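Asker: One structure follows; several queries about it will come next.
Rule-based calculations on the coordinates, nothing more; no lab input. Keep in mind that what you see is a predicted model, and the values were worked out from it rather than measured. Ideal geometry is used to build each Cβ from the backbone, glycine not excepted, and the neighbour counts take in all protein chains shown.
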Amino acid sequence: MKKILVPCDFSEQAINAFRLALDIAHTKSEVHLLSVVELPVMHDTVLMPVLSFEETLLQELREKAEKQFDAIRKKHEKEGHKIVTKVEFGVTSRMILDYINQHEIDLVVMGTKGASGVRELLIGSNAEKIVRGASCPVIAVKKYVDADSIKNIVFPNTLDQNQEDLVMKVKALQHFFKATLHIVWINTPGHFSRDTDTFKRLEDFVKRFMIKDYTLNVFNDPYEESGVINFTHHIKADMIAMGTHGRKGLAHILSGSLAEDVVNHVDCPIWTYTIRT
């Protein structure tokens, strides 16, 4: 991962995300800290911010953010890391997505307060837009976790054979952390299948994608979201890896209350990747 982006509002959760990003980064990586200051929008248009802001005020806001950047760098920066800081003015989600594309970001690490799930990710209601719009994986972080301690990753799955892009990303994630991948099918009353059938599908899945260092699991629970949460707690996992590209089913896990419940009730980092169709 050559370029890692940390959207930063200087909260505790954002600092936790920055610390994890530094752990993940290697000596040739760049860690980008981006602070976006939203400007008021005219009532009669959603295209142009109010242009009457005094230049001195914008400069003061920029200098304040840069001082905060200096403070967290001084406290947490590690020798050999290249840290890039940037202050932007505009619509938060749009500016972050533009930054991801313009700078060819490989990974976004974002803080989450967890109080109201995904919609409280660091930048509030814009978070879902970033997760869905980002061209790279996103890690949601509530509490700081030492990257070296991430050795067990839960991979909830629909066992769809047509998800090469997602699985390749998850395998790269597993390789990076040198972790065991716990592939789990959440067996619910609404999507019930016999264990013998499910384990056959699980075995076919790992053979199809040549996955190594894994466990195969069927976990029974009334609901998918609580199943992911309870299984994660049951095996004391260090991270959850999920794919999303829509608004239904476990493969689209970041839509609606499912992801919110997962984010709210687990403290481990949650890695997500939006599948493009």
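Asker: Taking amide H positions as placed in the peptide plane 1.01 Å from N, state which residues far from N152 in sequence (5 or more) or on other chains have amide H under 5 Å from it.
Answerer: T180, D238, M239
Asker: Please arrange S11, S29 by counting, for each residue, the other beta carbons lying within 10 Å of its beta carbon, fewest first.
Answerer: S11, S29
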